[in-house]
1. Quick one, what does Rg over Rh come out to for the stretch 99-196 if you take C-alpha atoms and the Kirkwood Rh?
2. When DSSP assigns beta bridges and you keep just the ones with both residues in the chain, what percent turn out antiparallel, to the nearest 5?
3. Tabulate in residue order the Karplus-calculated ³J(HN,Hα) for the stretch 392-399, using 6.51 cos²θ - 1.76 cosθ + 1.60 with θ = phi - 60°, rounded to whole Hz; enter x for Gly and Pro.
4. Rounded to the nearest 20 debye, what is the charge dipole size of the chain about its Cα centre when +1 sits on each Lys and Arg Cβ and -1 on each Asp and Glu Cβ?
5. Could you give the radius of gyration (one decimal) and Dmax (whole number) of the Cα atoms in the stretch 217-308, in Å?
6. Of the options Ser59, Ala31, Ser442, report the single residue whose Cα projects farthest towards the positive end of the charge dipole of the chain (beta-carbon charges: Lys, Arg +1; Asp, Glu -1).
7. Treat the stretch 346-454 as a sphere of radius equal to its Kirkwood radius over Cα pairs and apply Stokes-Einstein at 37 °C in a medium of 0.692 mPa s; give the translational diffusion coefficient in µm²/s, rounded to a whole number.
8. Taking the Cα centre of the stretch 353-454 as the origin, how large is its charge dipole in debye, to the nearest 20, when only Lys and Arg (+1) and Asp and Glu (-1) carry charge on their Cβ atoms?
Amino acid sequence: MHYDVLIIGAGPGGIFSAYELVKRDPSLKVAVFEAGNELRKRNCPIDGDKIKSCIGCKSCSIMSGFGGAGAFSDGKYNITNDFGGSLYAYIGKAKALELMHYVDEINMAYGGEGTKLYSTAGSKFKKQCIQNNLHLLDASVRHLGTDINYVVLENLYNYLKDKVTFYFNTPVEKLEIAQDGYLVHSKDGVFSCQYCIVSVGRSGSKWMESVCKDLDIPTKSNRVDIGVRVELPAEVFSHLTDELYESKIVYRTEKYGDLVRTFCMNPKGAVVNENTNGIITVNGHSYEDPAKQTNNTNFALLVSKHFSEPFKDSNGYGESIARLSNMLGGGVIVQRFGDLIRGRRSNRDRMNDSFLVPTLNATPGDLSLVLPKRILDGIIEMIYALDKIAPGTANDDTMLYGVEVKFYNMEVSVDEHLMSRHEGLYVIGDGSGITHSLSHASASGVYVARDITK
Ligand SMILES: Cc1cc2nc3c(=O)[nH]c(=O)nc-3n(C[C@H](O)[C@H](O)[C@H](O)COP(=O)(O)OP(=O)(O)OC[C@H]3O[C@@H](n4cnc5c(N)ncnc54)[C@H](O)[C@@H]3O)c2cc1C
């Protein structure tokens with residue numbers, strides 16, 4: 001079977017490539033190969049009742065399937081070059097922003113209309129942050145919410161399904177260079193294509209590494225971000241979240257000069273498990289629908305670790321720390337801030353005495369046995385700094401879940417077209433190591449589709 005364009009991965013990068021390809025040239029024969037399920041069949045077995053923690057499904061419904069890792073995410077589309085990836089370094093800042101706005105328009109047309117676009121522009125919090133040695137990054141944030149994000153994906157799938165051939169539960173096993181394009185090997189056979197867009201996200205990182213090795217595509221080792229997810233009463237951050245929804249705040253620690261930053265803020269949201277290649281870490285999301293919201297707000301506090309020679313395996317380092325928490329807690333560990341600073345573990349009794357009801361059933365424990373001292377010191381310093389702009393952050397009952405790890409794919413060497421050294425082979429989205437967000441990954445998809453149809 002031959003296709004003009006074959007897309008590997010149906011996350012935001014793959015979906016927006018497919019969308020733009022068929023919109024610009026309906027005559028193109030396009031196929032999408034996806035390791036996971038179609039959207040309506042994506043189901044995580046954790047129900048909080050019979051199954052309380054991750055059972056390690058063969059294909060993780062949270063990370064894989066139509067919609068990619070973003071399908072059950074909070075649907076926060078950050079329109080900015082300040083974070084979420086370095087797409088701008090390849091295609092220019094103006095182009096990157098233009099494409100992120102274009103993606104936003106499509107999301108609005110496919111079910112997102114009526115959701116709120118927040119902005120840090122002109123916010124009084126910038127000054128308040130600077131006065132307390134905190135730095136608020138610039139961004140516009142479209143918050144679709146987990147529920148509307150799902151609706152948008154459903155509508156996009158309904159639009160695409162008759163124009164594009166989808167192969168679900170069909171991981172691509174091998175990618176080969178052919179005379180006039182590429183050969184893609186899967187359980188359904190071998191398929192050929194002229195152009196190939198690889199958009200396999202974080203869950204496809206190991207496979208991506210093998211492709212780069214086989215096809216001799218240079219890569220650079222990247223970074224890993226390690227930290228905790230903080231959960232506190234929604235009132236503590238409501239003055240910020242009501243106006244900005246998500247505030248990306250960076251703090252430079254006094255002790256080591258390290259940068260600690262807030263990440264993925266979910267007002268009235270829930271803390272959730274995340275399974276990356278069998279390792280259980282923590283994440284968070286929230287719903288747009290008030291009926292599904294909780295009384296708590298959660299966000300991550302992360303420290304980036306960049307390694308120098310001879311160490312190359314930054315993800316391996318993050319995995320080892322996550323494994324330690326999995327070993328001690330059987331999954332994610334939760335600790336009250338008050339217990340952490342008193343040097344004692346949290347246990348069921350101390351958790352029961354807490355005024356805050358945690359949204360994730362994690363194992364009470366001691367994060368100081370898991371996180372490197374330097375990282376933990378930075379997180380504690382930042383909690384006290386945040387307490388100055390959001391009093392209550394450093395309360396005893398503030399919950400810290402660990403560990404949160406942001407794994408970054410190795411950065412794949414591509415040119416300004418996002419094309420690898422092989423003509424017609426594009427590598428985009430989080431799988432390229434260039435993007436780390438819904439908006440950047442989606443924008444990279446639109447960008448390569450336009451390059452192909454041009
Ligand atoms: C719980 C959670 C919440 C998040 N919340 C946000 C948020 O609010 N805002 C934000 O900006 N970002 C968020 N993110 C990150 C965001 O989801 C990703 O940045 C984004 O999905 C990346 O898109 P992508 O298309 O590059 O990759 P992915 O979304 O990871 O999609 C890649 C797809 O490729 C498939 N695949 C992998 N290998 C193969 C193979 N060999 N063959 C075929 N298919 C393969 C995978 O199954 C997957 O479906 C969140 C992530 C998680 C896990």
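1. Working: Rg = 21.2 Å, Rh = 17.6 Å.
That ratio is 1.20, to two decimals.
2. Values: 61 of 79 bridges.
Taking every DSSP beta bridge with both residues in the chain, the antiparallel ones total about 75 percent.
3. x, 4, 8, 5, 4, 7, 4, 8
4. On the way: 49 positive and 54 negative charges, 126 e Å.
Dipole about the Cα centre, nearest 20: 600 debye.
5. Over the stretch 217-308's Cα set, Rg and Dmax evaluate to 15.5, 49 Å.
6. Going by the Cα projections, it comes out as Ser59.
7. The estimated diffusion coefficient comes to 184 µm²/s.
8. I would put it at about 320 debye.
Every number in this text was worked out from the coordinates using simple rules, so none of it is lab data. Treat the numbers as computed from the prediction; the structure is a model and nothing was measured. Heads up, the Cβs are rebuilt from the backbone with ideal geometry, glycines too, and the neighbour counts pull from every protein chain shown.
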